[in-house]
Amino acid sequence: MSDVKVLTGPEVAAHSSRDSCWIIVHGKVYDVTDFLDEHPGGSKIILKYAGKDATEAYEPIHPPDAITTNLPVQKHLGAIDITTVAKVVKEVTDEEKHRQALLDARPPLDNVINLHDFEIVAKGVLPEKAWAYYSSASDDEITIRENRLAYQRVWFRPRILRDVSSVDWSTTILGQKSSLPVYISATALGKLGHPDGELCLTRAAANHGVIQMIATLASCSFDDIVNAAAPGQNFFLQLYVNRDREITRKYVQHAEARGVKGLFITVDAPQLGRREKDMRMKHVGDDAGAEVQKGQSDVKKDQGVARAISSFIDPSLSWKDIPWFRSITKMPIILKGIATAEDAILAYEAGVQGIVLSNHGGRQLDTARSGIEVLLEVTAALRLRGYLPDPKFEIYVDGGVRRASDVLKAIALGAKAVGVGRPFLYAFCSYGQAGVEKAIQIFREEFEMNMRLLGARTLDELVPEMVDATALTQHTVLSPQDNLYHAAYQPLAFAKFKES
Ligand code: 173
């Protein structure tokens, strides 16, 4: 790539078909002919820009380096002389007009009073594909619902007459100050839902002393996010381990050099779960019938947004790799996606600094248990071996957290902090940075009230005796319906017949 070839608009325009498809992105020309059928978003959208400048369409959805990392270098054809390119006038589609109308009809942010409300608004304003990708969970979506239900099976045992005039819910996570015992958990592809993507989280977190976990598959690049930080603002990094360990090594070391305070290695996704809402979306407007008639059985295309861009993830990742991670970074290492006491023990013995008890927001193995339930057996097993208490080993829980009371239950049962993903995502999809700030404010108000009512002035005073978790492992007890959650939850759809 030393002497860069410069191409002209007409040269690129000559390659505007399925047989030879060149596109321009960020001033560079790419031959994407062989990539058409692999494109997670389908070939149709690329073909729309065949021979043209696709930057404006590409930008909101893809991380800046998506094309360079996915396309072999020999398909990078050169630079474009932009003065020779006919400008693509981006038409406002009916879908975009519709979306703007929905945004205009949003309830004012002041009317949002709990985290469920953000989900309802997001469902109303998001493009269908984005909603399908974010909201979907795996298979029958039993686990995503269980994540909520499990918190309802933990009951409080509040203490009284403790002078709760002042209560404090601040804490540290991996030694870093956090104004809440909550961190913003990683969610991918933020620009599907808001033009500023994950930067909405960064800016809100800066204003409120909350730690953001940056996702490997964020729409904004890692550096864009860190560059937007306020002085002293802290981040964690969520890591998908690449089959090419050199890429992972560079990424991790770059993050450490930029001051990231913890490496959260995702260990529950050697393959992405089947998210059927997301998968069905691929067929909408894609004329699935016609594809079948052409005799093309394009498996990838049916798999939804996430699965299609996850092929770089290394399924061979194993316990044997932990020493390698230890050798390449001094950041604390946390395994995200532990689901049993057995693996929690192995993690502790492997010398990592923490674990996240998680089922990936119900998006991986369906009917895996909730993090809060797993917490019970994990703390018991680690205590039995004398591994706990250990100030150098922290346990986090994520999945289904919508209330400060959920967080307080997890802390009483031994968690150091709790990860919250979708609610913050829905908050910025609905209202941008202001939405995320509001979500944090709601947490604050709920922490204050619940800690007073519980009789805990600090998080240290939240002891296991403050909860009754005896029903937690029983999966068939009758629980009252969580109306807010169930109103937001959208059932799976059945197969669609073709319109006649
Ligand atoms: O849950 C997810 O959607 C996820 O983790 C992911 C993984 C690969 C690509 C995009 C998202």
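The values are calculated or read from the model by the stated rules, or taken from the named source; none is laboratory data. Note that the coordinates shown come from a computational prediction; the quantities given were computed from them, not determined experimentally. All Cβ positions, glycine included, derive from the backbone under ideal geometry; neighbour counts span all protein chains shown. Each accessible area value is taken on the protein alone, full model and side chains, heavy atoms only, with ligands, DNA and RNA left out. Shrake-Rupley method; radii C 1.70, N 1.55, O 1.52, S 1.80 Å.
Could you tell me the relative contact order of the chain? Use alpha-carbon pairs under 8 Å, at least six residues apart, and round to a whole percent.
21 percent
I want to verify the translational diffusion coefficient of the chain in µm²/s; compute it with Stokes-Einstein, Rh as the Kirkwood radius over Cα pairs, at 25 °C and 0.890 mPa s.
102 µm²/s
By how many degrees, between 0 and 90 and to the nearest 10, does the Cα long axis of helix 115-125 differ from the longest principal axis of the chain?
20 degrees
Would you mind checking the tilt of helix 245-257 against the longest principal axis of the Cα atoms of the chain, expressed as 0 to 90 degrees and rounded to 10?
That works out to roughly 60 degrees.
Residue by residue through the stretch 442-456, which ³J(HN,Hα) values in whole Hz follow from phi under the Karplus form 6.51 cos²θ - 1.76 cosθ + 1.60 (θ = phi - 60°), with glycine and proline marked x?
Those phi angles translate into 4, 4, 4, 5, 5, 4, 4, 5, 5, 5, 4, 5, 7, x, 10 Hz.
Each residue of the stretch 259-270 in turn: what ³J(HN,Hα) in whole Hz from Karplus with 6.51, -1.76, 1.60 and θ = phi - 60°, glycine and Pro shown as x?
For the stretch 259-270, the Karplus curve yields x, 4, 9, x, 9, 9, 8, 6, 10, 10, 9, x Hz.
With every protein chain in place, what's the accessible area of HIS475 (1.4 Å probe, Å², nearest 10)?
Approximately 100 Å² of HIS475 is accessible to the 1.4 Å probe.
Roughly how many Å² is the accessible area per residue of the chain, as a whole number, for a 1.4 Å probe?
Accessible area per residue: 46 Å².
Largest first, how would THR266, THR187, THR69 line up by accessible area (1.4 Å probe)?
The residues order as THR69, THR187, THR266, largest area first.
Rounded, prolate or oblate for the stretch 402-478? Axes are the square roots of the Cα gyration tensor eigenvalues, ordered a ≥ b ≥ c, and the cut-off for rounded is a/c under 1.5.
oblate
Only sites in a loop by DSSP and with at most 16 other Cβ atoms within 10 Å count here; which trypsin sites (Lys or Arg not before Pro) in the stretch 1-33 make the cut?
LYS5, ARG18
Determine the calculated [θ] at 222 nm for the chain from helices alone, applying -39500 (n - 2.57) to every DSSP H run no shorter than 4 residues and normalising by the residue count; nearest 500 deg cm²/dmol.
For the chain, the value works out to -10500 deg cm²/dmol.
Each residue of the stretch 273-278 in turn: what ³J(HN,Hα) in whole Hz from Karplus with 6.51, -1.76, 1.60 and θ = phi - 60°, glycine and Pro shown as x?
3J(HN,Hα) across the stretch 273-278, in whole Hz: x, 7, 10, 6, 4, 5.
Could you check how much of the accessible area of the chain is carbon and sulfur, as a whole percent, using a 1.4 Å probe?
The computed percentage sits at 55.
Find the lysine pairs in the stretch 1-122 meeting two conditions, Cα atoms under 27 Å apart and a separation of 8 or more places or different chains, and report how many there are.
Counting lysine pairs in the stretch 1-122 gives 27.
Rounded, prolate or oblate, given the Cα gyration tensor of the stretch 115-223, with a/c below 1.5 counting as rounded?
Oblate, since a/c reaches 1.5 and b/c is not below a/b.
Rounded, prolate or oblate: which fits the stretch 26-116, taking a ≥ b ≥ c as square roots of the Cα gyration tensor eigenvalues, rounded meaning a/c under 1.5, else prolate when a/b beats b/c?
The shape class here is prolate.
By a straight-distance test (C-alpha under 19 Å), which lysines pair with LYS496 as possible cross-link partners, with residues fewer than eight away in the same chain excluded?
LYS129, LYS277, LYS282, LYS301
Could you list the trypsin sites (Lys or Arg not before Pro) in the stretch 63-132 that lie in coil according to DSSP, counting only those with at most 12 other Cβ atoms within 10 Å of their Cβ?
Passing both the DSSP loop test and the Cβ count: LYS87, LYS90.
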